[in-house]
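Novice: Quick one: structure below, then a few questions.
Please treat every number below as a calculation from the coordinates, not as lab data. What you are looking at is a predicted structure, and each value in this text was computed from that prediction instead of being measured. Here Cβ is always computed from backbone atoms with ideal geometry, including for glycine, and neighbour counts include all displayed protein chains.
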Amino acid sequence: MNLEKVIFGFFIVLAATLNFGFFIGDIDNPAHHDLYELFAAIVVNLIATVLKFGDRTQIGAIHLATSLVADLQLLAAAMTWGYAAHVAGTGLTEGVMSSIVSLSGGALFANVVSVVILIAETIMQRR
Amino acid sequence: MPGPAATSTIFLVLRRLRTPLIVLITIFAISVLGLTLVPGPPGADGVLQRLSFFHAVYFFSYTATTIGFGEIPYAFSEQQRLWVTFSIYLSVVGWAYTLGTVFAMLQDKTFISAVAMQRFVRQVRRLREHFFLVCGYGETGRLLCKALDEMGYRAVVIEKDEAKVGELELQSYSADMPALCADAGDPETLLVAGLNSKYCRGVIALTNDDSTNLAIAIAARLLAPSLTALCRAKHADTVANMASFGTRHIINPFDKFGEYMALAIHSPSAYHLLLWLTGLPGTTVTRHRDPPSGKWVLCGYGSFGKVMTQALESAAMPVTIIDRAPPEDGTYTWIKGDGTGHAALAAAGIEDAAGIVAATGSDVNNLSIVVTAHQMNPQLFTVLRQNQVANRALFDAFESDFTMVPSEIIAHECLAILTTPLLAPFLQAVRTSEEHWAEQLLADLTSRFGWDVPSVWSVSFNLVQAPSVYRKMMRHEACPTLGELLRAPVTGRPQLHCRPLLLLREGNAPLVLPGEGEPLQLGDQLLFVGREEARKELNLTLFNSHTLDYVLTGKDAPGGTVWEWLARRRATARTR
């Protein structure tokens, strides 16, 4: 067992699970989607991205790409939230909430791809 | 293919910065999260306020980067201030760690060399003109690069010694010369430096180390078989080894000088002609005294001494050797000593000798030998071996008859082979010629062009090098002779200041000194000697069809469709 692999796998799976936790629930109901969970998902995603830096293989490149996609989508979701709550002054309307959650849904898809690659890589190695 | 080393810089940076980036993200996350949880002052309705994520991120963005706008959007509570104090120290540690890692990485040797390598690869890949690959930037390499630069060629340099690479960057060459600090014996390095690039015209191995030169020779032979490869070799067994796998140009400076010396004894004019034609651009050849026949004394029987002894003995001049150890092939007269003192020189019979060769490996000893010998016999012909270019001032001050500088000999030879391939057959003709023929030619050429080293260039009459002549001859419009072509495109069409030396025609033996009436044929290759202006004017003629028309007919042909049409009309009207 390799500690580096444990940490790597941990962050990738955690990024996906947090993202899923935020995504699940009615799409337009703010009560179903916790702000702190979004924050945690963003932070863990960023860390997962940095962990993927510096791998020159083809699989490493795809890993990094999926993470960057997830970061982009989650940050867009967070910005939408901040804009609605502070700048636009409308508060969290149903429309805003659905766009935030759908953005995080996109990120979830990228994270799932990431997890699938992780599993595929593990199976390929056979040790 | 950029090579594995080329793309590694960005990955190296990312990998090194992994930990600092994670630390920064974590610290930022903890600080922001904490600030959203810590209770703030009571609001207007008496309820404790909390900072939203939006405000917390905003606050830490300016606090952590030390901008510090103050407490926004309202004055903080004491609990919030406590948390912010803690967070500020945390972020300072994070930034200090990150910056420390970045600076350590910038000074890291592997990182610097990776960056240099990448820059070099990019420079070589972007070269869009012909270049020569020079391995080893020692004294010879420097001379050669300078000459190539003056002649308008580019060079790519590989040198093992970092200090010498730095020196190259300080030199003011007119064109940029990509240089890499690496071992040229490594085939990977040679490939990165453009060995099999389509712009590479030749590879020149000039390192001090025979085994490295050998490695370059074999790499060039296998990876780029059609490329001209020139290799320097110090030892006879290296020469044999290189020759065994078909290296065509092997340069051993001692052998070369022995050849020169033999030629100078056998035919002084041919020797001077050779020097004049192969000199480094921008230098002047001075006429030497011809080596006299008689008894010779040689100090230092090393590899150079051996070659010199053979050259002298084959010209029937008896040689007395002064050396500490007796020569292995003990057929020569031998005096024990080092030649720097009176005793050994007197014992060797310096008083009635015709010449002396100072051939030891030490410059100071060589000078001491000839100065002492010169005092004892002022009529002596002196041949000096100079080992270090840096000692030039001393050697110039003594004014010996012959000075043998290995680096200059190699540079001459390389230039002659690389830049004008036709020169070699001509020089061969000079070497085997009669003395009076060479004397006549030398007198002709130097009275016309002076003793400054002339321009020597070759032209192939094909579509690439002489498009205007090629087109004209393909259309059978004209079949100019050499004399007709070699005129300046100015009023009166005076003769160009150049002279054809050699004509190479498919299927014929090389014609030395073709006459003015020689008609040109397509595919002819010609070697010219002359002034640089003549070369430029000839090039103009060869490339511009209007200039060619003027040179051949003396009339300015009209240019442009309308004028050509008018001229044709006028011509038909006249014939009617």
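Novice: Put a dot 7 Å past each Cα toward the Cβ at B:Trp437 and B:Arg119; how far apart are the dots in nm?
Specialist: Once both label points are built, they end up 5.4 nm from each other.
Novice: Right, next: Could you work out the relative contact order of chain B? I mean the mean sequence separation of Cα pairs under 8 Å and 6+ apart, divided by the number of residues, in percent.
Specialist: 9
Novice: So how do B:203-216, B:60-73, B:294-307 stack up, highest first, on mean other-Cβ count within 10 Å?
Specialist: B:203-216, B:294-307, B:60-73
Novice: Using 7 Å Cα-to-Cβ label points, what is the B:Asp45/B:Asp556 separation (nm, one decimal)?
Specialist: Label at B:Asp45, label at B:Asp556, 9.6 nm between them.
Novice: Apply the Karplus curve 6.51 cos²θ - 1.76 cosθ + 1.60, θ = phi - 60°, to the phi angles in region B:335-343 and return the couplings in whole Hz, x for Gly and Pro.
Specialist: 3J(HN,Hα) across region B:335-343, in whole Hz: 10, 7, x, 10, x, 7, x, 4, 4.
Novice: Rounded to the nearest Å, what's the spacing between the alpha carbon centres of region B:362-401 and region B:233-262? Just the number, please.
Specialist: Centre-to-centre distance over Cα atoms comes out at 26 Å.
Novice: In chain B, what % of DSSP beta bridges are antiparallel (nearest 5)?
Specialist: Percentage antiparallel, nearest 5: 30.
Novice: Go ahead and collect, in residue order, the members of region B:204-231 whose backbone nitrogen is under 17 Å from a label point 7 Å along the Cα-Cβ direction of B:Lys109.
Specialist: none
Novice: Here's another thing I want to ask about it. With r as the distance between the Cβ atoms of B:Arg493 and B:Thr572 and R0 = 22 Å, compute the FRET efficiency 1/(1 + (r/R0)^6) and round to 0.05.
Specialist: It comes out at approximately 0.20.
Novice: Also, I was wondering about something else. Which cross-chain or sequence-distant (5 or more) residues have an amide H under 5 Å from the amide H of B:Ile322, H modelled 1.01 Å from N in plane?
Specialist: Excluding prolines and chain starts, which carry no amide H, the hits are B:Leu298, B:Cys299, B:Gly300, B:Ile335.
Novice: Report the Cα centroid-to-centroid distance between region B:25-44 and region B:544-574 in angstrom, as an integer.
Specialist: The distance from the Cα centre of region B:25-44 to that of region B:544-574 comes to 88 Å.
Novice: Follow-up. Could you state the number of Å between the C-alpha centres of region B:97-166 and region B:432-508?
Specialist: So the separation of the two Cα centres works out to 39 Å.
Novice: Within the set of other residues whose C-beta is less than 13 Å from the C-beta of B:Glu71, count the net charge using Lys and Arg as +1 and Asp and Glu as -1.
Specialist: In short, 0.
Novice: Using Cα pairs under 8 angstrom and six or more residues apart, how large is the relative contact order of chain A, in percent?
Specialist: Reported relative contact order: 33 percent.
Novice: Share of antiparallel DSSP beta bridges in the protein assembly as shown, in percent to the nearest 5?
Specialist: 30
Novice: Compute the helix-to-body angle for A:94-125: its Cα long axis versus the longest principal axis of chain A, expressed 0 to 90° and rounded to tens.
Specialist: 10
Novice: Still on this structure, I have one more. Check every DSSP H run in chain B and write down those whose alpha carbon atoms cover 18 angstrom or more along the long axis and whose mean Kyte-Doolittle hydropathy is 0.5 or greater.
Specialist: Helix filter hits for chain B: B:18-37, B:78-106, B:210-223, B:406-419.
Novice: Would you mind computing, in nm to one decimal, how far apart the modelled labels at B:Lys536 and B:Trp565 are, each placed 7 Å from Cα along Cα→Cβ?
Specialist: Modelled inter-label distance: 3.7 nm.
Novice: So if we plug the beta-carbon distance of B:Arg392 and B:Tyr62 into 1/(1 + (r/R0)^6) with R0 = 56 Å, what FRET efficiency do we get, rounded to 0.05?
Specialist: The pair B:Arg392/B:Tyr62 has a calculated efficiency of 0.30.
Novice: A follow-up question, please. Hey, with R₀ at 51 Å, roughly what FRET efficiency would A:Leu75 and B:His288 work out to, going by the Cβ-Cβ distance, to 0.05?
Specialist: It comes to 0.05.
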